[in-house]
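Taking it in order: structure first as structure tokens, then the write-up.
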Amino acid sequence: MTQDILKVNGLKAYYQMNYFGVEREVRAVDDITMTVRRNEVYGIAGESSSGKTSFIKVLAAAIRPPFRVVDGSVEYDFSGRTIDVTTASEEEVEAIRWKHLSYIMQGSMSVLNPVRRIGKTFEDFAARPLGLSGRAFRERVVGHLAKLKLPPNVLNAYPHELSGGMRQRVTIGLATVCHPEFIIADEPTTALDVVVQKEVLSLIRDIQREMGAAVIFVTHDMSVHANVADRVGIIYAGRLVEEGPTREMFFAPKHPYTAHLVASLPRIGDTSQRPALEGRPPNLADPPQGCRFHPRCPLAVDKCRREVPPLETVGKDHRTACWRWEDVEPLDHVHQAHSREAMA
Amino acid sequence: MSTLLEVSHVSKTFSMGGLLSRQHVQAVQDASFTLETDRPEIFTIIGESGSGKTTLARMILGLELPSEGEIRFRGQTVSHKAPRAERLAFMSHVQPVFQNPFEAFNPLKRIDRYLASTARRFLDLSDESAIDKVMDEALHKVGLSLAEVHGRYPHELSGGQLQRCAIARALIPNPPLLIADEPVSMVDASLRMSIVNLLKALRDDFGVSVIYITHDLATAYYISNRIIIMQKGRIVEMGDARTVLEAPEHPYSRLLKASVLSTEDAGAGKLATDPEMVRVAGELAAAPSSHLAERPDGRLVRVYEGA
Ligand SMILES: Nc1ncnc2c1ncn2[C@@H]1O[C@H](COP(=O)(O)OP(=O)(O)OP(=O)(O)O)[C@@H](O)[C@H]1O
Ligand SMILES: Nc1ncnc2c1ncn2[C@@H]1O[C@H](COP(=O)(O)OP(=O)(O)OP(=O)(O)O)[C@@H](O)[C@H]1O
Ligand SMILES: [Mg+2]
Ligand SMILES: [Mg+2]
């Protein structure tokens, strides 16, 4: 058994559409190579509409036209059994869902059938993989929901009778009750208050540790990454532009976009204006030449406008795609102050 | 001084579950507050998941009727059962941004058509180019453009794009009151700040009041005038936002502030919460008898009889 549970190689996935007779191609995932190890939590952050959901949809084998894999592979190793989900048949993918691979989608509660009680939905998806029924099954589910701070009576409720955050926790419950080996989660805690959010994150991490499983999750909330992820990857305009150990990403970022993201966090007690990023997000149908970040980058030089920087290794487990990575500094005082001692 | 919105002793009880297992949920219990017309403000509601924030917002919008108490907008009782013309006028003045854009938009309806029907209905526009202009302006305020969303269905947009479309739609009728239920939960920190600054500008430059429901204490601190903190259907603390957030008094408010994740220990994996704080806050939620008491600094804090 290798250390890596997921290997993504040169992945390109585009939305290929025909709008009123005009061909349009949105290059939402454009040449991503990365791996996720067993027993790790890998966090993904990045600008709105940079392709994060698109990327993990491919990982979750949840894509359909006009979204297509154009190139590359996505290979899992489940207890010695490998499967490339970009080429696997639907049956093969169904066979690994819930038990080995589960996917918590962004915002969409589409796994929750509006006219079916929550308890029934649990039976539909989890009873068979768990090999339990009747009382034993119900007890297992109730125990699991309790860890998500949900009372047993949510099982009798219809989805619309629950609050947004309760529904979100129900979908997390569904995705984790079978203790899968690989959990993919897209903004799993956006609708939760900070107290419950911590409980839910702890639960996800406990399951991950208990099973030596792997988790890959997307969130805009950098403080969640700071406290949950082992490694963090940053996506900008369809590309992975930096990845590294969590601590280094905050205190010694090597890509100017990462430095910006970390610095744009507001804090209680601080009402100062945050540095906003100049310019608009790149158009993924016609991305900028060279480094895609160059039009908005404070460090950009001529080379950045012409040549695409490769994702190169700059430290242990740390890769960045920036021609000027040696000149990148943390932008805000909090992380600057900590940066030297923290990294020493 | 005239009153824009008056929420007066409002409660809401739902019954849930089948015939045999019917249970009552007290979603909101005795909530009261007032927004004044000539003092536009950002009024923030923060609190536990399931504590009644969305239910309160839906009652203010007249989508749900209170079980007890009354809500008045400019002196008139809010209700979806109001006569049609009156209801339409109300809706053009009080606009919602719903909690989850993935659930709020009809998946079969193009986003631009959605925005256009709002413009047609509330601005009484019929000229296509005028409608396009209004939509484009609203979208620009949230960092999008009509060209980017033209012809697209909700599932063809990213979470953050969809959430921003929902805000743009609500801005079209130029409402004096905006009810925004977690409007920036799906956008990155940089965009989040620009949208929050937009809400601030709406208040300062156009006199718009905003009821801002959020889980994000940092943006709440940054823009709010007043804040209420809710726990299990009850308001537990209410007052000037900075006073409350700098030194919260109610045990649940303190627990909330203490639970905010920080990046200063990035990589240390800190997710523990003080169990004693959780226990104390949890016990109070179950206490039968309590009321809001006023403090010298003007805030209201829930106190418990016999505690
Ligand atoms: N079905 C689709 N058809 C066409 N374009 C799409 C479709 N789904 C997404 N896109 C586009 O692909 C790009 C990437 O979207 P994606 O949802 O992956 O972004 P994201 O990084 O998850 O953003 P957010 O943080 O806002 O959720 C966006 O420009 C989006 O409009
Ligand atoms: N239509 C309904 N029928 C029955 N119960 C309901 C209904 N709508 C809401 N509830 C219940 O009312 C309570 C408050 O829900 P509400 O959606 O107002 O919470 P919230 O504060 O917005 O939570 P969140 O932060 O998770 O969105 C919850 O216990 C919920 O289950
Ligand atoms: Mg997304
Ligand atoms: Mg809600």
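With 0.36 nm allotted per residue and the present C-alpha distance subtracted, the A:ASP206-A:ASN39 stretch has 59.0 nm of extension available. Taking A:ALA276, A:ALA285, A:ALA252 as the candidate residues, the one with maximal mean-square fluctuation in a Gaussian network model of chain A, Cα springs under 10 Å, is A:ALA276.
Add +1 for every Lys or Arg and -1 for every Asp or Glu among the other residues with Cβ under 13 Å from the Cβ of A:ALA300, and state the total. Before the final figure, lay out each step's value.
On the way: positive: A:ARG292, A:ARG296, A:LYS303, A:ARG305, A:ARG306, A:ARG324; negative: A:GLU278, A:ASP302, A:GLU307, A:ASP327.
Net local charge, A:ALA300 excluded: +2.
From the alpha carbon centroid of the range B:145-217 to that of the range B:247-307 is 30 Å. For peptide B:204-216, the mean count of partner chain Cβ atoms within 10 Å of a residue's Cβ comes to 1. Annotation note: chymotrypsin sites (Phe, Trp or Tyr not before Pro) in the range A:1-101 located in DSSP loop regions with a Cβ neighbour count of at most 16 within 10 Å are A:PHE20. Computed over chain A, the per-residue total of -39500 (n - 2.57) for DSSP H runs of n ≥ 4 gives a 222 nm mean residue ellipticity of -9500 deg cm²/dmol, rounded to 500.
Where nothing but the Cβ of Lys and Arg (+1) and of Asp and Glu (-1) is charged, how large is the charge dipole of the range A:4-229 around its Cα centre, in debye to the nearest 20?
Values: 27 positive and 27 negative charges, 158 e Å.
Once rounded to the nearest 20, the dipole reads 760 debye.
With the cut-off at under 19 Å, measuring from each backbone N in the range B:221-259 to a point 7 Å along the Cα-to-Cβ line of B:GLU276 picks out B:248-259.
For A:249-257, what's the mean count of beta carbons from other chains sitting within 10 Å of each residue's beta carbon?
Partner-chain Cβ atoms within 10 Å, mean over residues of A:249-257: 1.
For chain B, the share of DSSP beta bridges that are antiparallel, to the nearest 5, is 60%. Summing Cβ point charges (Lys, Arg +1; Asp, Glu -1) relative to the Cα centre of the protein assembly as shown gives a dipole of roughly 1200 debye.
Given the Cα atoms of the range B:1-114, and with Rh set as the inverse mean 1/r over their pairs in the Kirkwood sense, what is Rg to Rh to two decimals?
Numbers: Rg = 16.0 Å, Rh = 15.9 Å.
Dividing the radius of gyration by the Kirkwood radius yields 1.00.
Reducing the range B:22-54 and the range A:196-249 to their Cα centroids gives an inter-centroid distance of 33 Å. Extension gain for B:ASP38-B:VAL303 works out to 92.2 nm (0.36 nm per residue, less the C-alpha to C-alpha distance).
Here A:TYR19 and B:ALA286 are evaluated by their C-beta separation; at R0 = 45 Å the FRET efficiency comes out at 0.20.
Our coupling estimate for the range B:288-301, obtained by passing each phi through the Karplus curve with A = 6.51, B = -1.76, C = 1.60 and θ = phi - 60°, is x, 10, 7, 8, 8, 10, 8, 9, x, 7, x, 7, 10, 10 Hz, Gly and Pro reported as x.
Classify the protein assembly as shown as rounded, prolate or oblate, taking a ≥ b ≥ c as the square roots of the eigenvalues of its Cα gyration tensor: rounded when a/c is under 1.5, otherwise prolate if a/b is larger than b/c and oblate if not.
rounded
Dividing the convex hull volume of the alpha carbon atoms of the range A:133-237 by its residue count gives 116 Å³ per residue.
Sorted from greatest to least, the principal axis extents spanned by the alpha carbons of chain B come out as 65, 53, 49 Å. Note on B:LYS141/A:ARG135: beta-carbon distance plugged into 1/(1 + (r/R0)^6) with R0 of 56 Å gives a FRET efficiency of 0.50.
Calculate the dipole size of chain B relative to its Cα centre from +1 charges on Lys and Arg beta carbons and -1 charges on Asp and Glu beta carbons; express the result in debye to the nearest 20.
On the way: 34 positive and 38 negative charges, 148 e Å.
Around 720 debye, computed over chain B.
Each residue of the range A:235-248 is assigned a 3J(HN,Hα), and the resulting list reads 9, 9, 6, x, 10, 7, 9, 7, 8, x, x, 3, 4, 5 Hz, derived from the Karplus form 6.51 cos²θ - 1.76 cosθ + 1.60 (θ = phi - 60°), x at Gly and Pro. Of A:GLY21, A:GLY107, A:GLY238, the residue with the greatest mean-square motion in the GNM of chain A, using alpha carbon springs below 10 Å, is A:GLY21. Binning the alpha carbon pair distances of the range B:168-226 at 5 angstrom intervals from zero yields the distribution 4, 17, 33, 28, 14, 3, expressed in whole percent.
Identify, among B:ILE228, B:PRO248, B:THR77, the residue whose Cα sits farthest towards the positive end of the charge dipole of chain B, taking +1 on the Cβ of Lys and Arg and -1 on the Cβ of Asp and Glu, with the dipole about the Cα centre. Farthest towards the positive end: B:THR77.
Of the peptides A:244-251, B:133-140, how do they stack up when ordered by the mean number of other Cβ atoms within 10 Å, highest first? Numbers along the way, then the final one.
Working: A:244-251: 24.0, B:133-140: 19.5.
So the peptides A:244-251, B:133-140, ranked by packing, come out A:244-251, B:133-140.
For the range A:101-114, the Karplus equation 6.51 cos²θ - 1.76 cosθ + 1.60, evaluated at θ = phi - 60°, returns couplings of 10, 10, 10, 9, 7, 5, x, 6, 9, 5, 6, 8, 6, x Hz by residue, with Gly and Pro reported as x. Modelled spin labels at B:ASP127 and B:ALA258, positioned 7 Å past Cα toward Cβ, are 6.2 nm from each other. If you bin all the Cα-Cα distances of the range A:4-229 at 10 Å, starting from zero, the percentages per bin are 8, 32, 36, 20, 4, 0.
Read-outs: derived from the displayed coordinates by stated rules, not from any lab. Note that the structure is predicted; figures quoted are calculated from it, not measured. Don't worry about glycine lacking a Cβ; one is built from the backbone with ideal geometry, like all the others, and counts go over all protein chains shown.
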